[in-house]
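This report refers to the structure that appears directly beneath it.
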Amino acid sequence: MSKLLNVQNNILKSGRHYLTSDYKTRNENRSTHNGMDFVGPNGIDDIVALASGTVAYIRYDSRSGHWIGIKSDNYEHRYFHLDGNKIYVKVGSKVNKGDVIATMGKSGNATNYNVHFAIYKNGYVDPLPYLMASDSNAFETFVKDLQAAIGANVDGIPGPETLAKTITINTSTNWNHKAVKVLQTYLASLGYDLGKYGIDGKFGPDMKKVIKDYQKNIVGLTGNYVDGSLTAHMYTWKKLLKLS
């Protein structure tokens, strides 16, 4: 039995997190389950980093299976029961929020494909606040990453120079430009469902739908202006950059 949990910060590439076993079953009297278990919409899914940080551990034991620990600020985010043949980082690697780090497996004592996700901060703590918390730095990170991707001055402050450097992106133009992954990561942090392929750096039909939703609900566009395309210098970019 699983339930869809809508999170602010993804650990699954698809952005759709089906919870199969909760932290202590939300019962403080049960202390044996120190994290949360998830599967993706089609079962197996790729794992993405909850937050930027440094890979501190890549280990194996008979209970946890193959697992990765990433240090970010004053805590660690850990991912267990991974496929040992599909770990894409090394100890010491720097990762950004949303980077694919591995694929879920059923190593260790797992009975089926899943990822056991845990937060370690002087001991294991409830992971839910870390999945649900709004990232106060998400906008500044988005602006800086976008500025770097489009060749603007990287200062984290959107303005006329950044807007002037924006480009047209849609399913046929700049569909795999490096700015696409930046957009996907930011939109995912806002809670948008990126569809089957998640943060893949490609502007496909799912991404077009996300932009359409953003144009209708956030930008306030109507009619033919809701086209699922980011037109250089225009309304959708202005709203994304908080310039309107």
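Checked against the criterion of being surrounded by fewer than 22 Cβ atoms within 10 Å (Cβ to Cβ), modelled with pLDDT of 90 or more and among the charged types (D, E, K, R), the candidates Arg59, Arg26 yield just one match: Arg59.
Say we look at region 188-244 and pick out the residues that are over 18 Å from Thr166 (Cα atoms) and among the hydrophobic types (A, V, I, L, M, F, W, C); which of these is modelled with the lowest pLDDT? The extreme case among them is Leu190.
Report yes if Lys181 is closer than 26 Å to Asp46 by Cα and either in contact (Cβ under 8 Å) with a residue 12 or more places away in the chain or among the basic types (Lys, Arg) (or both), otherwise no. For Lys181, the condition - closer than 26 Å to Asp46 by Cα and either in contact (Cβ under 8 Å) with a residue 12 or more places away in the chain or among the basic types (Lys, Arg) (or both) - is met.
If the condition is being over 20 Å from Met132 (Cβ atoms), open to solvent by 30 Å² or more (accessible area, probe 1.4 Å) and of a type in the set (Ser, Thr, Tyr), then region 170-220 contributes Thr171, Ser172, Thr173, Tyr197. Total residues in region 37-86 satisfying the condition of being in a strand (DSSP E or B), of a type in the set (Lys, Arg) and within 22 Å of Thr111 (Cα to Cα): the figure is 3.
Assuming Asn85 fulfils every condition listed in (1) open to solvent by less than 40 Å² (accessible area, probe 1.4 Å); (2) without any contact (Cβ under 8 Å) to a residue 24 or more places away in the chain apart from one, which condition is it? Checking Asn85 against (1) open to solvent by less than 40 Å² (accessible area, probe 1.4 Å); (2) without any contact (Cβ under 8 Å) to a residue 24 or more places away in the chain, the one that fails is (1).
Filtering region 104-123 for residues that are touching a strand residue (DSSP E or B) at 6+ places or on another chain (Cβ under 8 Å), farther than 18 Å from Asn9 by Cβ and assigned to a strand (DSSP E or B) leaves a non-empty set. The single condition among (1) open to solvent by 20 Å² or more (accessible area, probe 1.4 Å); (2) more than 17 Å from Val125 (Cβ to Cβ); (3) at pLDDT 95 or above that Arg78 does not meet is (2). Residues in region 151-169 that are assigned to a loop (DSSP other than H, G, I, E, B) and in contact with a Leu (Cβ under 7 Å, 6 or more places away or on another chain) were compared, and the one that is nearest to Ala51 (Cα to Cα) is Pro158.
Taken over region 88-125, the residue count meeting the criterion of being open to solvent by 50 Å² or more (accessible area, probe 1.4 Å) and within 12 Å of Ala49 (Cα to Cα) is 3.
Checking each residue in region 211-242 for being in a loop (DSSP other than H, G, I, E, B) and of a type in the set (D, E, K, R) picks out Asp227, Lys242.
Hey, among the residues in region 126-150 that are touching a helix residue (DSSP H, G or I) at 6+ places or on another chain (Cβ under 8 Å), at pLDDT 85 or above and charged (D, E, K, R), which one's nearest to Leu50 (Cα to Cα)? Within region 126-150, the match that is nearest to Leu50 (Cα to Cα) is Asp126.
The values are calculated or read from the model by the stated rules, or taken from the named source; none is laboratory data. Just so you know, these numbers come straight off a predicted model, no measurement behind them. A quick note on method: Cβ atoms are made from the backbone with ideal geometry, for glycine too, and the neighbour counts reach across all protein chains shown. Just so you know, the surface numbers come from the protein's heavy atoms only, side chains and all, with ligands and any DNA or RNA stripped out. Shrake-Rupley method; radii C 1.70, N 1.55, O 1.52, S 1.80 Å.
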